[in-house]
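Here's the structure, in structure tokens; my notes come after.
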Amino acid sequence: MEEAVRDGVAEQRERLMESLRIYGGHYTELSRRFAAWLGLHSTDATAVLAIAAAEERGTPLSPARLSERISLSTGATTALLNRLEAAGHITRAREHSDRRIVTLRSGGHIQERADEFFGPLAHRLDAAMSHYPPRFLEQVEAFIADLNTTMDSHLTDQDAVTPHSPSHP
């Protein structure tokens, strides 16, 4: 009996992981469509979204942090930022007391465009989540946070063992 319960739990965990992989695939496809909608390469759109999201959280990115987030070499990130700045999608500012630190900001139109594109989905997702009690959502939030911490830890361990960096694929 205990083995059957363990097998059921293992199957449930596998279904959960598969659902998360499917969600990740949907997120990737949505990002690809957003990039096409903006007329940007997908990497450029990913960068713009990362910059806007960090800014919205009150923790704007530096070029180095963006490079880590989107797994590009510093040279490739510089070229990407040059393209985005020339197109008016982002600005680079020296807001910190240490003037060597560059802060990335999204152009005002980017947040408007992102809201226009993602707004309908945000409303649908909010409606889907509204069917669940707050306590359950807290548990899901803790579960996802645990998975993210585990993934971050695993990636850090891999980086320590494998000579892999954005400039060494």
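The values are calculated or read from the model by the stated rules, or taken from the named source; none is laboratory data. Note that the coordinates shown come from a computational prediction; the quantities given were computed from them, not determined experimentally. FYI the Cβ positions are ideal-geometry reconstructions off the backbone, even for glycines, and counts take in every protein chain you see. When the accessible area is computed, the model is the full protein with side chains, heavy atoms only, and any ligands, DNA or RNA have been set aside. Shrake-Rupley method; radii C 1.70, N 1.55, O 1.52, S 1.80 Å.
For the reader, a short list of remarks on this structure follows.
- Largest mean-square fluctuation among 117, 136, 34, in a Gaussian network model of the chain whose springs join Cα atoms under 10 Å apart, belongs to 136.
- Length released on extending from residue 129 to residue 27, taking residue separation times 0.36 nm less the Cα-Cα span: 35.0 nm
- Surface analysis of segment 90-146 yields an accessible area of 75 Å² per residue, using protein heavy atoms and a 1.4 Å probe.
- Cα centre as origin, Lys/Arg/Asp/Glu Cβ charges: the chain dipole, Debye: 800
- Choice from 56, 14, 85 showing the highest fluctuation, given a GNM over the chain with Cα pairs closer than 10 Å: 14
- For segment 151-156, 3J(HN,Hα) per residue [Karplus equation, 6.51 cos²θ - 1.76 cosθ + 1.60, θ = phi - 60°, Hz, x = Gly/Pro]: 5, 4, 4, 4, 5, 5
- For percent of Cα pairs over 22 Å apart, the value computed from the atomic coordinates appears in the list (i) 58; (ii) 49; (iii) 45 under label (i).
- Top of 36, 127, 50 by mean-square fluctuation, Gaussian network on the chain, Cα under 10 Å: 127
- Distance between the C-alpha centres of segment 99-116 and segment 7-81: 16 Å, rounded to the whole angstrom.
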